[in-house]
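Report on the following structure.
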Amino acid sequence: MSIITEKLICVFLLLALAGCASGQANTNTGPYGYGTTPAPKDLAAFYSIPADGRGLPPGQGSYADGQKVYMEKCVSCHGDKLQGVAGAGEPIIGGRGTLASGKPLKTVESYWPYATTVFDYVKRAMPFNSPGSLTNNETYSVTAYILAEAKIINKDTVINAKSLPEVQMPNEHGFIPDPRPDAP
């Protein structure tokens, strides 16, 4: 057999297998007829916390508790002063006023417009070796620790679903609103 014939046979076999697989029960009424409609429990792991805090989970955190969690789970990548560790993790604080410079430092202090984004990112992506493993209280606590170390909140501020959206970030007004009518 020629190489072209072998490739054509492989393509036909793959198409045949795909056809067999598509013969399974289908409960989706979408335009392509693929998959099933996800149940609420399937979607629970997917969330996005907007600036106003809608969707923030119950729980709370303090600077002191956040410092403990940070030293246990974050310090190896982000350093003991949140300065970052070369080759491991970016700086978290510092850099105010550097965005318009030739060497911008994009940190929670200098770049992030909303405190809810800090919670959202930490909850989803940290720690690097086990993303999404922090409890809500640990995430609120680490967020409180970061914000207090950046001198955005006081060290005695308790962070929760009510207080977090009220935090004013240093670069909150540093972004241009999207004027498109279809962009919320």
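The values are calculated or read from the model by the stated rules, or taken from the named source; none is laboratory data. A quick note: this is a predicted structure, and the numbers were derived from the prediction, not measured. Cβ placement follows ideal geometry from the backbone for every residue including glycine, while neighbour counts extend to all protein chains displayed.
Residue count for region 64-104 under the criterion of being among the β-branched types (V, I, T) and in contact (Cβ under 8 Å) with a residue 60 or more places away in the chain: the result is 1.
Just wondering, is there one or more residues in region 90-104 that are modelled with pLDDT of 95 or more, more than 17 Å from Q60 (Cα to Cα) and crowded, with 20+ Cβ neighbours inside 10 Å? So far as region 90-104 goes, yes, one or more of its residues are modelled with pLDDT of 95 or more, more than 17 Å from Q60 (Cα to Cα) and crowded, with 20+ Cβ neighbours inside 10 Å. Flag set for K155, criterion: in contact (Cβ under 8 Å) with a residue 12 or more places away in the chain, surrounded by fewer than 21 Cβ atoms within 10 Å (Cβ to Cβ) and of a type in the set (K, R).
F46 satisfies every condition listed in (1) more than 23 Å from A148 (Cβ to Cβ); (2) modelled with pLDDT of 80 or more; (3) out of contact with any Gly (no Cβ under 9 Å at 6 or more places or on another chain) except (2).
The criterion of being within 14 Å of the chain's Cα centre (by Cα) and small (G, A, S) holds for S130. Within region 135-152, if we keep just the residues that are surrounded by fewer than 21 Cβ atoms within 10 Å (Cβ to Cβ) and part of a loop (DSSP other than H, G, I, E, B), the residue that is nearest to the chain's Cα centre (by Cα) turns out to be T135. Scanning region 124-142 for residues that are out of contact with any Cys (no Cβ under 8 Å at 6 or more places or on another chain) and either within 16 Å of S48 (Cα to Cα) or of a type in the set (A, V, I, L, M) (or both) gives R124, A125, P131, G132, L134, N136, T139, Y140.
Under 15 Å from I92 (Cβ atoms), among the aromatic types (F, W, Y) and assigned to a loop (DSSP other than H, G, I, E, B): is that true of F119 in this structure? So F119 fails the test.
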